[in-house]
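Input: a single structure, listed below in structure tokens.
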Amino acid sequence: MKASIKLDEKRKKEAMEKTAVQKSATEKLSSEQVKAQLASYLEGQPENIRSFHRMMKVLESISFGIIITVFIIALVLSFMWKSVPVAAIPTAWLLLPVSAAILTLLIAVHALVLRAFPPSGLFTIFQGGSPIRLPGKSQGFQTGKAAEFTAWGLILVGLIVGAFFAVFAWSAWTVNWAILTPMITILGVAMGVVIVISMLFTTFQKIFKSR
């Protein structure tokens, strides 16, 4: 009986590992395909568009570096909580989504001018670490109106998230409870709604896949 249970567990583990490897290979292949499609698309574009593309890639890389820097600063401040102002720690963490929103806006403008989405491989990395299902996820490479629609969606998300957390960070730094209290409530409700929708989406997705 014990030998049978162990065998079943071993089979389950092997099946999970195989699925994980297949998923990783599929994602890598998809990413490589998108890069190849983007390169092919840019070949047919004028030089000013290609120059803009190169400039935006540099700006996006700098913006991504700022996100990492803000994260490190927030982490360091959290460890040094005894020797830093109380308001500094929540402010630093709240600036993290603000910096992510700036990168989102850069990617969106990049895609809007190129009329292609995603406009760079950096979006795949950024999207993989995002807890929010950003517009354009799992849509493959897009051009024309579809790319513009996705870019405008990202601009909307970036502006809303950036403005919300910028005000939140300022309120935390100045300890303005008149603004902090409603914003904490809004954030709590929004997170609850997102979690419920995400759970429902995952459930329905599994149901449809099993059919």
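Read the figures in this text as sums done on the coordinates, not as results from a lab. Predicted, not measured: the structure shown is a model, and the values here were computed from it. Ideal geometry is used to build each Cβ from the backbone, glycine not excepted, and the neighbour counts take in all protein chains shown.
Just going by the charge dipole of the range 45-175, with Lys and Arg at +1 and Asp and Glu at -1 on Cβ, which of Gln142, Val70, Ala101 is farthest out on the positive end?
Selected residue: Gln142.
How much length is gained on full extension from Leu75 to Thr185, taking 0.36 nm per residue of separation minus their Cα-Cα distance?
Full-extension gain reported as 37.1 nm.
Could you rank the peptides 166-173, 155-162, 195-202 by their average count of other C-beta atoms within 10 Å per residue, with the highest value first?
166-173, 155-162, 195-202
Taking 7 Å along the Cα-to-C-beta vector as the label spot, tell me the Ile62-Gln33 distance in nanometres, rounded to one decimal.
In this crude label model, Ile62 to Gln33 measures out at 3.5 nm.
A 25 angstrom limit on the alpha carbon distance is what I want to check against. Which of Lys145/Lys206; Lys57/Lys206; Lys35/Lys57 exceed it?
Beyond 25 Å: Lys145/Lys206; Lys57/Lys206.
With a 10 Å radius around each residue's Cβ, average the other Cβ atoms per peptide and rank 147-154, 79-86, 115-122, highest first.
115-122, 147-154, 79-86
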